[in-house]
Amino acid sequence: MGAWLLLPAMLYYLAGTGWPRSSLLSDKGLVYGRLGHPVKIYVKLHQNSPILVCMDSHRASEETVDPTYLWIGPNEKMLTGNKQFNITETGTLIVKDFLELLSGLYTCTLSYKTIKAETQEETIEKKRYDFMVFAYREPDYSYQMAVRFTTKSCVGTYNNQLFRLLRKILNNLISDLSCHVIEASYKCHVVEIPENDLMHELFIAFQVNPFAPGWRDACGGSVDCEDVTNQNILKARDRIEEFFRSQASISSHRFNKTVPAIHFVDHSFHVVRIDSCRPGFGKNEGLHSNCASCCVVCSPGTFSPDVDVTCQICISVHIYGAKSCP
């Protein structure tokens, strides 16, 4: 028997009735520098950075004579001789397969000549452009859900039976998605309904989580496993929402005359998304307003040891993406 039909049948029984992110990213995927102002750029973990241009947009629109470019990375060393850094003759930079420890300040110094037409006198000009580049991940999603069921009384084993049955049905619905129900609980309350009698209702709450045992197998070797788990948890959310929608529909058609003691309370289904970040990442809307919904790599001086959404302070941390405080 399908899960959609299984719950009503059991209720009768129990009742006795049976992309990179930057505000300066151009349409061509270029990020120009700004004189005197570091440009913040967010690169998804294991992806390539956008094209960083060692010029501001105004300079790029003008003629530049004998330009040379010097790129310095977060370790304050020249970015040369490394396949991970692709620097072109025109001074653009792409960082490949971006990782946590590649985060930090990238500085490019542009040197070029200005020539007076009358005297052919040459002057060397230098301009510096700073780019703050951060690794980020998408947050891991889970969903907090709540539903209500009427019941005959707040006393009796059938309430616990209903609760255990519901949890089993929901887990079966989403087991192929490597998702499961966690932190499930219920309480019974007496509810006074306008123009109706007092009702006993079960207030049931639970969380749908994408990390059931064996969840890594569903990633298929993908390094961006949160993309897979987030797709799965969205499918799980939709299935559960449809499941409870079906309970309301079944109730309205089957129970239009005689309402059983235990039944789903229509419009009682509520769902809220909860975000979490992997260790070494956290959210900071004030510091990273252009990537407020992202889990951004923890900066030096902070760390994140668990799946919280906040990087904690630790002055002894000197790297990006720290997962512990020495």
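If you check Ile262 against the conditions, is it more than 20 Å from the chain's Cα centre (by Cα), modelled with pLDDT of 95 or more and either assigned by TED's automatic domain parsing to the domain that holds Arg148 or within 30 Å of Asn159 (Cα to Cα) (or both)?
Considered against the rule, which asks whether it is more than 20 Å from the chain's Cα centre (by Cα), modelled with pLDDT of 95 or more and either assigned by TED's automatic domain parsing to the domain that holds Arg148 or within 30 Å of Asn159 (Cα to Cα) (or both), Ile262 comes out as no.
Here is a check on your reading of the model: is Val309 under 30 Å from Phe244 (Cβ atoms) and in the same structural domain as Ile233 (by TED's automatic domain parsing)?
The answer is no for Val309.
For region 86-123, enumerate the residues that are of a type in the set (Val, Ile, Thr) and either out of contact with any Asp or Glu (no Cβ under 9 Å at 6 or more places or on another chain) or within 30 Å of Val208 (Cα to Cα) (or both).
Ile87, Thr88, Thr90, Thr92, Ile94, Val95, Thr109, Thr119, Thr123
Which residues, counting only those in region 279-320, are surrounded by 14 or more Cβ atoms within 10 Å (Cβ to Cβ) and among the polar types (S, T, N, Q)?
Asn284, Asn290, Ser299, Thr302, Ser304, Gln312
Let's see how each residue does on (1) closer than 16 Å to Cys294 by Cβ; (2) surrounded by 13 or more Cβ atoms within 10 Å (Cβ to Cβ):
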{"site": "Val95", "(1), (2)": "no, yes"}
{"site": "Ser103", "(1), (2)": "yes, yes"}
{"site": "Thr107", "(1), (2)": "no, yes"}
{"site": "Tyr112", "(1), (2)": "no, yes"}
{"site": "Ile115", "(1), (2)": "no, no"}
{"site": "Arg128", "(1), (2)": "no, yes"}
{"site": "Ala135", "(1), (2)": "yes, yes"}
{"site": "Pro139", "(1), (2)": "yes, yes"}
{"site": "Gln144", "(1), (2)": "no, yes"}
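Would you be able to tell me the number of residues in region 154-183 that are of a type in the set (A, V, I, L, M) and in contact with a strand residue (DSSP E or B) (Cβ under 9 Å, 6 or more places away or on another chain)?
7
May I ask you to list the residues in region 38-65 that are under 25 Å from Thr123 (Cβ atoms), assigned to a loop (DSSP other than H, G, I, E, B) and not hydrophobic (A, V, I, L, M, F, W, C)?
Asp56, Ser61, Glu62, Glu63, Thr64
Which one of the conditions (1) surrounded by fewer than 18 Cβ atoms within 10 Å (Cβ to Cβ); (2) in contact with a Ser or Thr (Cβ under 8 Å, 6 or more places away or on another chain); (3) of a type in the set (Lys, Arg) does Arg148 fail to meet, given that it meets all the rest?
Looking at each condition in turn, Arg148 falls short on (1).
Output the number of the condition that Lys127 fails; it satisfies all remaining conditions of (1) in a loop (DSSP other than H, G, I, E, B); (2) in contact with a Lys or Arg (Cβ under 8 Å, 6 or more places away or on another chain).
Result: Lys127 passes all but (1).
What is the one condition in (1) within 25 Å of Gly104 (Cβ to Cβ); (2) at pLDDT below 75; (3) among the charged types (D, E, K, R) that Asp27 does not satisfy?
(1)
The values are calculated or read from the model by the stated rules, or taken from the named source; none is laboratory data. Being a predicted model, the structure only gives us computed values, none of them experimental. Every residue, glycine as well, gets a Cβ built from its backbone with ideal geometry; the counts of neighbours run over all protein chains shown.
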